[in-house]
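The values are calculated or read from the model by the stated rules, or taken from the named source; none is laboratory data. Small disclaimer: the values here were computed from a predicted structure and weren't measured. Cβ atoms come from the backbone with ideal geometry, glycine included; neighbour counts cover every protein chain shown. Please note that ligands, DNA and RNA were not included when accessible areas were found on the heavy atoms of the full protein model with its side chains. Shrake-Rupley method; radii C 1.70, N 1.55, O 1.52, S 1.80 Å.
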Amino acid sequence: MSIKRSTRVLVLAGSLAALPLMLPGVAAAKTAIAPIDLGTLPGDLFSAVNAINDAGVMVGSSTPLEPQIKYHATRWDAQGRISALAGLGGEQSQANDVDDHGVAVGWAHKDTSWNQTAVKWAPDGAVTALPSLPGGEYAYASAIGGTGVVVGAGKGADGKVHPLRWNADGTVVALAGLGGDYGSALWITRDGRTIGGTANDAAGRNHAVRWNSAGVITDLSPGITESTPEDMNDNGVIVGSARLDGDPKPVRWERDGRMTWLEYPESGPAWARAVNNAGAAAGGGYQVFGTTSPARWDRAGARTTLSTERGLGNDIDRTGTVVGLVNEIAAKWDAAGTHTVLGALPGGTYSNATHIAANGVIAGISYNEEGRWHAVYWPKAQG
């Protein structure tokens, strides 16, 4: 289970490369389970969960259908009841993470000109604007740690987007970069001592990076053309992908900075999308031509293919349970590899399980009979 679980993609890319697989986890699917519709705010038509805490409290956004999508920050309690999070007077806002005390963080427009700032919401929904860098008119908060420290990114007077840390007293600190014009702090450990994220170098190449409590940056993939972090656990271990012979391949960056290549086919891309505190990871890759197959990697980096059908693993909990989707329908695999189809809303043709909480609640998204996507959840990891 990750510290902060960002919104997962709604569709899967095309597939490449027919290769032999190891298939110890593939099993027949159990009976489908219908999700519970989390609904939308009044007047809105769409919704999505961006994060879930250990108690099953969820945050994300609810949106109307206008000439363009507009986000409204939203919170659901552990029973699935929806409420709006206050804005700052502008049109849009979004919640990106929530801690175990129910404090949420994200962004909000602070005026009608769509100037955006990072914000924090108290458990009762009251909003506080976090300070931006001097001369900056744009910022967002990505994650909050157990000590109240918030991380994200914001634009400075130099026009560059800098990775940021907001200390518990609300002061903002720009973290070091790699010489490029962009960096973003995406996760922070519960103890607040390790921050993970991304930064580009002077050539514009993206790197997975980590910062210590003093803000010192470590490039986790020196010598690699490009790398992309996807998740970080409570121990500061990060998973994602790094370029190898032109394709992204799944990797895990250990606490000491070592990069471990996870088992993958010799050709075609693959990704690790989530990591639990034991270092096991979930994701998938192109293993059969035209098919992205879901996978789980153990602590040693050995891969178990969870299904030979088209799909992806999105999150993994402490027991090794993986959630994701197969053939465009939400799915779950327990530690033994047993596959449970989680189903879709009535009339819906697509669903995706994107997050699993410590208490077993699964959150995700599903189309309804009108083809609109709604946030959904499955209480206590049924099945």
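Of note:
- Output for segment 76-97, where each listed residue is open to solvent by less than 50 Å² (accessible area, probe 1.4 Å), in a strand (DSSP E or B) and touching a residue at least 40 places away in the same chain (Cβ under 8 Å): 76, 83, 94, 95, 96, 97
- Evaluation of residue 231 against (1) under 15 Å from residue 163 (Cβ atoms); (2) touching a residue at least 60 places away in the same chain (Cβ under 8 Å) (one fails), failing number: (1)
- Those residues of segment 342-361 which are surrounded by fewer than 23 Cβ atoms within 10 Å (Cβ to Cβ), farther than 19 Å from residue 320 by Cβ and in contact (Cβ under 8 Å) with a residue 40 or more places away in the chain, in sequence order: 343, 345, 346, 350
- Matching residues, segment 215-232, being surrounded by 24 or more Cβ atoms within 10 Å (Cβ to Cβ) and more than 12 Å from the chain's Cα centre (by Cα): 227
- Failed item in (1) more than 23 Å from residue 78 (Cβ to Cβ); (2) over 18 Å from the mean Cα position of the chain (by Cα); (3) modelled with pLDDT of 95 or more, with residue 122 passing the rest: (1)
- Hey, residue 301 modelled with pLDDT under 95 and not charged (D, E, K, R) or not: no
- The set of residues from segment 246-260 being closer than 24 Å to residue 354 by Cα and touching a Leu at 6+ places or on another chain (Cβ under 8 Å) comprises 249, 250, 251, 252, 253.
- Selection from segment 108-140 of residues that are open to solvent by less than 40 Å² (accessible area, probe 1.4 Å), within 17 Å of residue 153 (Cβ to Cβ) and either of a type in the set (A, V, I, L, M, F, W, C) or not in a loop (DSSP other than H, G, I, E, B) (or both): 108, 109, 116, 117, 118, 119, 130, 133, 139, 140
- The condition of being modelled with pLDDT of 95 or more, surrounded by fewer than 20 Cβ atoms within 10 Å (Cβ to Cβ), out of contact with any Pro (no Cβ under 6 Å at 6 or more places or on another chain) and not hydroxyl-bearing (Ser, Thr, Tyr) holds for residue 278.
- Matching residues in segment 54-68 - criterion: being out of contact with any strand residue (DSSP E or B) (no Cβ under 8 Å at 6 or more places or on another chain) and part of a strand (DSSP E or B): none
- Only listed residue being among the hydrophobic types (A, V, I, L, M, F, W, C), touching a strand residue (DSSP E or B) at 6+ places or on another chain (Cβ under 8 Å), over 30 Å from residue 307 (Cα atoms) and buried (at least 22 other Cβ atoms within 10 Å of the Cβ), chosen from 105, 49: 105
- Residues satisfying the stated conditions in segment 246-270, i.e. acidic (Asp, Glu), open to solvent by less than 70 Å² (accessible area, probe 1.4 Å), in a loop (DSSP other than H, G, I, E, B) and touching a Pro at 6+ places or on another chain (Cβ under 9 Å): none
- Candidates 243, 193, 210: the one that is over 25 Å from residue 292 (Cβ atoms), open to solvent by 30 Å² or more (accessible area, probe 1.4 Å) and touching a residue at least 12 places away in the same chain (Cβ under 8 Å) is 193.
- For residue 151: the one exception among (1) open to solvent by 10 Å² or more (accessible area, probe 1.4 Å); (2) part of a strand (DSSP E or B): (1)
- Looking only at segment 309-318, residues that are over 15 Å from the mean Cα position of the chain (by Cα) and closer than 14 Å to residue 275 by Cβ come to 1 in all.
- Selected residue [surrounded by 24 or more Cβ atoms within 10 Å (Cβ to Cβ), in contact (Cβ under 8 Å) with a residue 24 or more places away in the chain, under 17 Å from residue 263 (Cα atoms) and not basic (Lys, Arg)] from 313, 364: 313
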